[in-house]
1. Working only with C-alpha atoms, what are the Rg and Dmax values of the range 122-179, expressed in angstrom?
2. How much of Asp114 can a 1.4 Å solvent probe reach, expressed as accessible area in Å² and rounded to 10?
3. 7 Å from Cα along Cα→Cβ at both Tyr125 and Gln148: what's the point-to-point distance in nm?
4. Amide H of Phe44: which non-local residues (sequence gap of 5 or more, or other chain) have their own amide H closer than 5 Å, using H built in the peptide plane?
5. Counting only residues 5 or more places away or on other chains, whose amide H sits under 5 Å from the amide H of Ala121 once H atoms are built in the peptide plane?
6. Please list, in order along the range 67-82, the HN-Hα scalar couplings obtained from phi with the Karplus expression 6.51 cos²θ - 1.76 cosθ + 1.60 (θ = phi - 60°), rounded to whole Hz, x for Gly and Pro.
7. What percent do you get for the relative contact order of the range 37-93 when only Cα pairs under 8 Å and 6+ apart count?
8. How much accessible area does Val50 have with a 1.4 Å probe, in Å² rounded to the nearest 10?
Amino acid sequence: TISGNTTVGGTLGVTGATSLSSLTSTGLSDITIQADIWRINSNFTMTSGVNTITNWERADTYDDGVPQGTGMSHSSGIFTFPTIGVYFINMVLSFQIGTSSSTYSGGYISVTTDDSNYNGASYSYTSNQHGGTSSYYQMGIQHIFDVQNVTTHKVKTFYENSVTNGTIISSTNANVTSISFIRIGNT
């Protein structure tokens, strides 16, 4: 406990705490830490079109340290937030294109604010127009989402591929294709 008109020189560290309360001098109030990372647990062949990514598992090896706080919930490609707040979302997709006829692949972070209609809030694509079977790609997709209601504000993940070909590269022991959620502020 620090009280009164106390000055701290250097860096103030907080060990073992999951929340900071009443830091009014910096404009922070009741910032609750939430951080989680999930990964695809096994390689799978991509099909053509836009497809939901469903086989996420929470990172659970090598002292991944998640979740911090309550953590995210996942069901059928849809992530539900543990508490309201502003979240930074980062998805990394790693894949191998199967043939040169697979001209593009992409990924989406889609959000809903009504628990029904999802919109592609952030997405990225890569091209393999002249590549071959040993063409490997990785993309990062980021979004900042103001979760005002945990019942209606959710995230759904997708990939898109031009043909039924190629593989999402993943591992049950490492974060090869992954998505992370970090609460960065209050709504």
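The values are calculated or read from the model by the stated rules, or taken from the named source; none is laboratory data. It should be emphasised that the depicted structure is a prediction, and the values quoted were computed from it without experimental measurement. Backbone-built Cβ (ideal geometry, glycine too); neighbour counts: all protein chains shown. Just so you know, the surface numbers come from the protein's heavy atoms only, side chains and all, with ligands and any DNA or RNA stripped out. Shrake-Rupley method; radii C 1.70, N 1.55, O 1.52, S 1.80 Å.
1. For the range 122-179, the Cα-based Rg and Dmax read 15.0, 45 Å.
2. 80 Å²
3. About 3.2 nm, to one decimal.
4. Amide H neighbours of Phe44: Ile168.
5. It is Ile109, Ser110, Val111, by chain and number.
6. Once rounded to whole Hz, the list reads x, 9, x, 6, x, 6, 10, 9, 7, 6, x, 9, 9, 10, 7, x.
7. Worked out over the range 37-93, it gives 29 percent.
8. Ignoring ligands and nucleic acids, Val50 comes out at about 80 Å².
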